[in-house]
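The values are calculated or read from the model by the stated rules, or taken from the named source; none is laboratory data. Since we're looking at a predicted model, the values are computed, not measured. Here the Cβ is made from the backbone with ideal geometry for all residues, glycine too, and neighbour counts use every protein chain on show.
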Amino acid sequence: MSTQTLAVRLKRLLGDETTVALRPRYEGSNICTWIGFKHVNYLVEEAVLDHFRTAELPARELFEEYGLGLDLVELDTRIAHALHMDDLVEATVAPATKDDDDALRFRVTLTVVRDGERLRAATSKVRVLLVPDEYLDAAAPAAELARFTARAPEPEPAGPAPAPVVNTSLAEGRGTSAGDPVLEQLTAGENAFGWKWRIPYPYCHFTERIQMSGYLRQMEEVVDLFLADRGISIKQLLDDRRWIPVVPRSSVRILDHALMEEDLYTVYTVEEVYKEHTYTSRMDCYVVRDGQLVKTATGHITHGYAVIENRRDWSLVGFDERVLKAFHGRPAVG
């Protein structure tokens, strides 16, 4: 790739709007035929990757030629209309990088046709960095991309950590949520649930680090564990009332690299219950290095509940006393 061609491609990446037709993955349809928030975000990610391909700067070439990993490091998504299995979604990516930005920024809009009308299903703000590969030998530099290239950040310790204990072996299953001194420190005095878990390679990319989709999976999983811990597991409310959690908004921001096979400490903190219809929680993720807690990611997710009316339809419902008590940290009853 010549220097001139690289400059032209970067100009297209930063200036041209692109649109691609996508379908949600079958995996994302867990309750009836509705698509969960994680897979809505996967559509956003795929649209951004396609935008790079259209500009002839695909993720594969950036890595193989320049040793740069394309990392989505920030994702803030609002969902307005539910997506369903087999929907054909039109995803439009609009560049939003300003002259003084040191990262690539995009706005993504997902639309879908309902009863002959095209509706805005979701909108998302995305931030992308190009991260140099430090696992293999150095690659050829690309001066045009240097502005958006980020070396591994210097760790910003969040404070000293107690001595970690080994409790994420295979015998522990999904990790641990109790009896861990680091989790106890992180959740002390908070309306929070903590989970310690070993990062597996399927959550990672570019050989070393957990990627954005891995954190989205982490967010989905910690919500599931939190609800079960508070006595209102997803299956319980499905069986009792046909209630399902719905997500109007989610966000994740990666702050530092978390590496394959490190123990990840995830804390899920309830921040606000709004008018008995939605609640917002914060997810914070940490690793322990050299006796210090290092925060690697943070995010928020807003939930409501809907009742399943039939195999096609659902409608929003308000929280009752049992659910409210669970969110406020008191035992759920009934």
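Points worth noting:
- The listed residues are Ala258, Ala306, and the only one of them that is surrounded by 19 or more Cβ atoms within 10 Å (Cβ to Cβ) and at pLDDT 95 or above turns out to be Ala258.
- Remark: pairs (first residue in region 234-252, in contact (Cβ under 8 Å) with a residue 60 or more places away in the chain; second residue assigned to a helix (DSSP H, G or I) and exposed (fewer than 15 other Cβ atoms within 10 Å of the Cβ); Cβ separation under 9 Å; 6+ apart in sequence or on different chains) = Ile244/Leu238.
- Matching entry among Arg253, Arg311, Arg282, Arg249 (being within 16 Å of Leu183 (Cα to Cα), surrounded by fewer than 22 Cβ atoms within 10 Å (Cβ to Cβ) and either in the same structural domain as Arg322 (by TED's automatic domain parsing) or more than 17 Å from the chain's Cα centre (by Cα) (or both)): Arg282
- Asp137 meets the conditions (1) part of a loop (DSSP other than H, G, I, E, B); (2) more than 29 Å from Tyr42 (Cβ to Cβ); (3) modelled with pLDDT of 95 or more in every case but one. The failed one is (3).
- All conditions but one from (1) of a type in the set (Gly, Ala, Ser); (2) within 14 Å of Val89 (Cβ to Cβ); (3) in a helix (DSSP H, G or I) apply to Ala21; the one that does not is (3).
- Scan of region 96-125 for residues that are surrounded by 18 or more Cβ atoms within 10 Å (Cβ to Cβ), out of contact with any Ser or Thr (no Cβ under 9 Å at 6 or more places or on another chain) and in a strand (DSSP E or B), ordered by number: Val112
Listed here are the residues, each with its yes/no results for (1) more than 20 Å from the chain's Cα centre (by Cα); (2) among the acidic types (Asp, Glu); (3) outside the structural domain of Asp256 (by TED's automatic domain parsing); (4) on the phi > 0 side of the Ramachandran plot.
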{"position": "Pro58", "(1), (2), (3), (4)": "yes, no, yes, no"}
{"position": "Leu83", "(1), (2), (3), (4)": "no, no, yes, no"}
{"position": "Thr92", "(1), (2), (3), (4)": "no, no, yes, no"}
{"position": "Gly116", "(1), (2), (3), (4)": "yes, no, yes, yes"}
{"position": "Ala121", "(1), (2), (3), (4)": "no, no, yes, no"}
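- Selection status of Ala91, farther than 15 Å from Leu10 by Cα and surrounded by fewer than 20 Cβ atoms within 10 Å (Cβ to Cβ): no
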